[in-house]
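Participant: Pasting a structure below so you can have a look.
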Amino acid sequence: MFRGLLIAVSATLTLLVTLVAAAQLFTPNDPLYTPSSALPDYRQPSFDAYVDDTRQWIADNRVFLTDNPTAEVDANAPFELEPTGNAPATRGVLLVHGLGDSPFYLRDIAAALVDQGFRVRTLLLPGHGTRPADLTLPVYDDWRNLVAHHVRLLQAEVEGVWLGGFSTGANLVTAYAAQHDTVRGLLLFSPAFVPRDVLHVLAPLANHVIDWIDFDPHESNYTRYSTLAMNGGALLSQSVAEVRERLDAHPYTGPTLIVVSEHDSVVNAEAVLRRFQTRFTHLSSRLVWYGNGALDDPRVTSLPAALPEHRISTFSHMGVLFAPHNPYYGKNGSQRICDNGQDEDAEAACPTNDAIWFSSFDHIEAGKTHARLTWNPHFGALVETIRRVVE
């Protein structure tokens with residue numbers, strides 16, 4: 001046992017030395033990689049004030065990537081949607097995006113929920129929305145306290161509050177709901193309960209010596225960071241530890257929807273399925289599984305991930321969120337993610353290839369060039385499943 005521990009420690013130290021050496025090969029000298037002077041406040045007494053202050057902070061601190069700064073601020077700012085009609089909404093939902101992402105990721109889900117009678121609010125996790133270097137600034141309590149503060153604000157205005165989140169955001173809202181029985185239910189998209197990369201546990205330690213996990217000198221996607229700070233990985237790791245601790249202590253008894261792809265490159269989908277079956281006990285809870293079928297559980301709905309008629313090979317981590325008509329990530333959207341784990345020649349051909357296929361990251365098939373699948377061809381069915389769970 002002691003020998004095994006020594007081997008593990010030695011391997012960890014070797015990895016850290018390698019990472020430090022790699023990080024020192026590049027010292028970025030660009031506003032994108034220089035942090036802002038401070039993070040914005042999130043403790044305003046009203047959601048409207050929070051939105052106004054945050055939008056101003058983004059406008060003042062963002063390094064803009066396009067010639068349309070208004071679109072960039074809109075994509076990254078928190079927002080609220082309310083149902084049309086004279087009667088005020090009696091239920092609300094608070095949505096939280098994932099690591100490196102933005103509230104833009106939640107637009108299509110938010111639109112579906114407001115059509116179902118919810119007042120919908122989204123948050124911007126501190127460190128996001130401006131420049132990758134700002135993700136070096138927050139501590140985990142910034143994210144936890146942000147969620148807690150805005151749950152309380154929403155609960156003061158509606159009778160019942162649901163929480164929803166994507167990836168890391170799903171961890172944050174689940175950890176909160178597991179401690180507060182006032183939350184009516186959960187909507188979780190690609191929840192990062194169990195990351196596929198087990199080395200995430202080293203991120204809090206590596207954060208003391210390394211600034212960047214992944215550096216991309218071609219930042220061009222204004223809805224997310226392509227470069228990821230090590231501090232972001234450390235905060236993800238803390239969210240994984242907290243949600244595991246909360247769910248292991250007590251199963252979550254409220255109705256829950258979980259949506260996950262069997263081929264998710266970020267999340268261990270099989271582990272998420274097991275967690276759903278044992279720790280989410282409400283009879284109305286449902287898990288939507290994009291992948292191979294024959295899952296023997298009446299609460300699990302399996303839908304095919306291989307759709308040759310759409311040139312789709314597998315579903316991705318992010319693709320579960322977006323409707324096919326989304327103007328940025330949809331089937332005919334303006335954003336195509338060609339950095340998908342294939343070789344450089346295939347990646348170079350991706351923007352101009354009209355016969356491109358779509359998949360999760362790192363999926364490779366002979367004779368096919370794959371871009372990231374950034375929309376959900378089953379989005380209509382997903383919206384109907386959400387309706388059944390929340391009602």
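Participant: With springs connecting C-alpha atoms under 10 Å apart, model the chain as a Gaussian network and identify which of 65, 236, 154 has the largest mean-square fluctuation.
Facilitator: Looking only at 65, 236, 154, the largest GNM fluctuation is found for 65.
Participant: Pick from 106, 146, 124 the residue whose mean-square fluctuation is largest in a GNM of the chain, springs joining Cα atoms under 10 Å.
Facilitator: Ranking 106, 146, 124 by mean-square fluctuation puts 146 first.
Participant: When the distances between all Cα atoms of segment 303-370 are binned every 5 Å from zero, what whole-number percent does each bin get?
Facilitator: Per 5 Å bin, starting at 0, the Cα pair percentages come out as 4, 17, 29, 30, 17, 4, 0.
Participant: Per the 1.4 Å probe, what fraction of the accessible area of segment 180-330, in percent, lies on carbon and sulfur atoms? The partial results should precede the final answer.
Facilitator: Details: 3360 of 6290 Å².
Exposed carbon and sulfur together represent 53 percent of the surface.
Participant: Quick one: what are the phi-derived ³J(HN,Hα) couplings along segment 172-188, Karplus 6.51/-1.76/1.60 with θ = phi - 60°, whole Hz, x for glycine and proline?
Facilitator: After applying 6.51 cos²θ - 1.76 cosθ + 1.60, I find 4, 6, 5, 4, 5, 4, 5, 9, 9, 6, 7, 6, 6, x, 10, 10, 10 Hz.
Participant: Normalise the Cα radius of gyration of segment 179-333 by 2.2 N^0.38 Å (N = residues in it) and let me know the number.
Facilitator: Numbers: Rg = 17.3 Å, N = 155, 2.2 N^0.38 = 15.0 Å.
That works out to 1.16 for segment 179-333.
Participant: Report, by chain and number, residues whose modeled amide H sits under 5 Å from the one on residue 194, excluding near sequence neighbours (fewer than 5 apart, same chain).
Facilitator: Under 5 Å from the amide H of residue 194: 268.
Participant: Would you mind checking which residues have amide H under 5 Å from residue 119's amide H? H placed 1.01 Å from N; only 5 or more apart, or other chain.
Facilitator: Placed amide hydrogens put 91, 92, 93 under 5 Å from residue 119.
Participant: Over the chain, what relative contact order in percent results from Cα pairs under 8 Å that are six or more residues apart?
Facilitator: On the way: 772 pairs, mean separation 49.3, N = 391.
Here the relative contact order equals 13 percent.
Participant: So, taking all protein chains as they sit and a 1.4 Å probe, how much accessible area belongs to residue 149, in Å² rounded to tens?
Facilitator: In the full protein context, residue 149 sits at about 30 Å².
Participant: Can you tell me which of 257, 172, 32 moves the most in a GNM of the chain? Springs connect C-alpha atoms under 10 Å apart.
Facilitator: Most flexible of the set in this elastic network: 32.
Participant: Work through the residues other than residue 233 whose Cβ is under 13 Å from its Cβ and net out their charges, Lys, Arg +1 and Asp, Glu -1. If you can, show how the numbers build up before the last one.
Facilitator: Numbers: positive: none; negative: 197, 211, 214.
Local charge sum for residue 233: -3.
Participant: Could you go through segment 253-270 in sequence order and give the Karplus-derived ³J(HN,Hα) for each residue, using 6.51 cos²θ - 1.76 cosθ + 1.60 with θ = phi - 60°, rounded to whole Hz, and x for Gly and Pro?
Facilitator: Once rounded to whole Hz, the list reads 9, x, x, 9, 10, 10, 10, 8, 9, 4, 9, 3, 7, 9, 10, 7, 5, 5.
Participant: Could you provide, to the nearest whole Å², the per residue accessible area of the chain with probe 1.4 Å?
Facilitator: 44 Å²
Participant: Say each of residue 137 and residue 277 gets a label point 7 Å from the Cα, pointing the same way as Cα to Cβ; how far apart are those two points in nm?
Facilitator: Once both label points are built, they end up 4.5 nm from each other.
Participant: Something else: Given the DSSP H assignment, sum -39500 (n - 2.57) over each helix run of at least 4 residues in the chain and divide by its residue total; what's the result at 222 nm in deg cm²/dmol, nearest 500? Present the calculation step by step, with values, prior to reporting the outcome.
Facilitator: Details: 11 runs with 134 residues, N = 391.
It lands at -10500 deg cm²/dmol.
Participant: Now a separate question. Of 375, 357, which has the most accessible area with a 1.4 Å probe, and how do the rest follow in descending order?
Facilitator: Most to least solvent-accessible, the answer reads 357, 375.
Participant: Residue separation times 0.36 nm, minus the C-alpha to C-alpha distance between residue 384 and residue 220: what's the value? Write out the running numbers ahead of the final one.
Facilitator: Values: separation 164, 0.36 × 164 = 59.04 nm, distance 3.40 nm.
Full extension from residue 384 to residue 220 adds 55.6 nm.
The values are calculated or read from the model by the stated rules, or taken from the named source; none is laboratory data. In this text, all values refer to a predicted model and were calculated from it rather than measured experimentally. Note that each Cβ is placed from the backbone with ideal geometry, even for glycine, and that neighbours are counted across all protein chains shown. Please note that ligands, DNA and RNA were not included when accessible areas were found on the heavy atoms of the full protein model with its side chains. Shrake-Rupley method; radii C 1.70, N 1.55, O 1.52, S 1.80 Å.
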